[in-house]
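The values are calculated or read from the model by the stated rules, or taken from the named source; none is laboratory data. Keep in mind the model is a prediction, meaning the values are calculated, not measured. All Cβ positions, glycine included, derive from the backbone under ideal geometry; neighbour counts span all protein chains shown.
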Amino acid sequence: MIKFKRGLSWYKKRIISEYHTPTKKISKYIKKWLIKYNPSNNTTDKLEREYKENFLFFFYDLDIAPIAYDVAGFLAAADLERQKLSLEFIYIIIVPGREKGFRLEVPEYDDVVNIEERHFRLWNLVIPMFSLLPSLNGFKICNDRNEAKFIQKKLKNNFFPRNWKEEIPSYPLRKDIFKNKIEHNLNLQNLRATNQAIDYVSKYTKSFLNNKKLIVITIRDYEYTPKKNSNKEAWFKFADSLDERIYEVLFIPDTSNALISYKNYFGRKTLEVAAFNIQIRMAIYEAAYLNLAINQGPMELCWYNKKCNYIMFFKAGNSPITSESQLKSEGIIINKTPTFASKFQKWVWSEDNFDTIIKEFSLMSMLMEMECKSGYK
């Protein structure tokens, strides 16, 4: 009988390790041969044969899609389609744009968000946001648009958007996202913080909360369309007016100046890492007793996550994209909170002045306290 010094389990693990990361000459030769002659290792074959029966393939086309928080809505839309088709997973295909990998922007935007920053956003905003979708199984960045076209031809009907073509790209429209939710009675709020991010944030908040209620305020302070920026003076006054025995206020600064936020927040508690790390941002939003902010990109994380309690102040008409006609075209009804929002999620159609913030905070707090007595966490 052969005696194994380290036990069979050790040798089994060693063989598996040697296959994945060969260290011996013979192992490297065998793996090279397997990759060359085993068709299942071909990416497109794998997409076609193993995944197509249970996967929805979402083409995220950078030729028209913005490198911004809008991707949260696109992920929610893809998940709606997955639910409609009774599929289990989503696989994302990132399609490079024709303008140095991205879409052609207007000069005003290009001056503020250049190609370098768009690359930063792709890797630090867009791709990390994929991890917030529980149904995600993976993603692929195509080498060029022809590769994406080739993949699509193999997929038959399991791709989204359904009208996407390499020659005529498309992405989900907000009005269609809202409409699909209503017509098919599906869950639009499936985005979630990852378990590890929740664990990090839990350890962080335990270090200072002491049973107090966490109020998270997200600030917009950006060079592009500055009229849409937060009224920081009003938010500081609001934060300072809260009872320190009951509430702990945490500011998330704008990403553009988060690293120098100590100059702008005058000793108030800030969480700079959340300005750069999407998973931490989502986890702190979930952990908050209440989130408050003006209408801005990061708030889309809260829109599509029913665990995030929030009040969002929305002043229509302070930029072309918030004009009444534009909002109507997107399926947003002025003076209404979208029907998919949960009980403790509210859109306030007013600017963020101190009196309005205090009023809305008091109303929401009363509602939450009433629910707390009946079992709300």
Counting only residues that are within 25 Å of residue 264 (Cβ to Cβ) and either among the polar types (S, T, N, Q) or in contact with a strand residue (DSSP E or B) (Cβ under 7 Å, 6 or more places away or on another chain) (or both), the stretch 189-242 contains a total of 21
Among the hydroxyl-bearing types (Ser, Thr, Tyr) and assigned to a helix (DSSP H, G or I): is that true of residue 170 in this structure? no
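Tell me, which helices (runs of 4 or more DSSP H) wholly within the stretch 1-110 include 1 or more residues that are modelled with pLDDT of 90 or more and outside the structural domain of residue 226 (by TED's automatic domain parsing)?
Details: elements: 8-20, 25-37, 43-46, 71-84.
Per the criteria, 71-84.
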Looking only at the stretch 297-310, count how many residues are surrounded by fewer than 19 Cβ atoms within 10 Å (Cβ to Cβ) and not basic (Lys, Arg). 1
Could you go through the stretch 232-245 and let me know if any residue there is more than 21 Å from residue 311 (Cα to Cα) and polar (S, T, N, Q). no
Screening 139, 120 for residues that are outside any strand (DSSP E or B) and either out of contact with any Pro (no Cβ under 9 Å at 6 or more places or on another chain) or free of Cβ contacts under 8 Å to residues at least 40 places away in the same chain (or both) leaves only 120
So is residue 217 among the β-branched types (Val, Ile, Thr) and farther than 23 Å from residue 301 by Cβ or not? no
Return yes or no: is residue 168 more than 13 Å from residue 58 (Cα to Cα) and surrounded by fewer than 19 Cβ atoms within 10 Å (Cβ to Cβ)? yes
Which one of these is exposed (fewer than 15 other Cβ atoms within 10 Å of the Cβ), without any contact (Cβ under 8 Å) to a residue 24 or more places away in the chain and within 22 Å of residue 165 (Cα to Cα): 104, 85? 104
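Go over the candidates 187, 231 one by one and state the one that is closer than 29 Å to residue 338 by Cβ and modelled with pLDDT under 95. Even if it seems obvious, please write down each step before you answer.
Numbers: 231 fails: modelled with pLDDT under 95.
One residue alone meets the criteria, 187.
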Taking the options 354, 344, name whichever one is under 22 Å from residue 301 (Cβ atoms) and surrounded by 15 or more Cβ atoms within 10 Å (Cβ to Cβ). 344
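Kindly indicate the residue of the stretch 253-268 that is of a type in the set (A, V, I, L, M) and more than 11 Å from residue 221 (Cα to Cα) and also modelled with the highest pLDDT among those meeting that condition. Break it down into steps so the answer makes sense when it comes.
Applying the first criterion (of a type in the set (A, V, I, L, M)) to the stretch 253-268 yields 258-260.
Applying the additional criterion that residues be more than 11 Å from residue 221 (Cα to Cα) yields 259-260.
On the way: 259: 93, 260: 89.
Once the filter is applied, the top-ranked residue is 259.
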Taking the stretch 357-374, which residues are at pLDDT below 85 and surrounded by 12 or more Cβ atoms within 10 Å (Cβ to Cβ)? none
What pairs come up if the first residue lies in the stretch 152-173 and is over 17 Å from residue 54 (Cα atoms), the second is of a type in the set (Lys, Arg), and their beta carbons are under 6 Å apart, counting only those six or more places apart or on different chains? 166/145; 166/149
Which condition breaks for residue 179 when tested against (1) in contact (Cβ under 8 Å) with a residue 60 or more places away in the chain; (2) assigned to a helix (DSSP H, G or I); (3) more than 30 Å from residue 83 (Cβ to Cβ)? (3)
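Listed here are the residues, each with its yes/no results for (1) over 26 Å from residue 279 (Cβ atoms); (2) more than 25 Å from the chain's Cα centre (by Cα).
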| residue | (1), (2) |
| --- | --- |
| 209 | no, yes |
| 221 | no, no |
| 225 | yes, no |
| 229 | no, no |
| 235 | no, no |
| 244 | yes, yes |
Just one of (1) in a helix (DSSP H, G or I); (2) among the basic types (Lys, Arg); (3) within 30 Å of residue 193 (Cβ to Cβ) trips up residue 149, so point out which. (3)
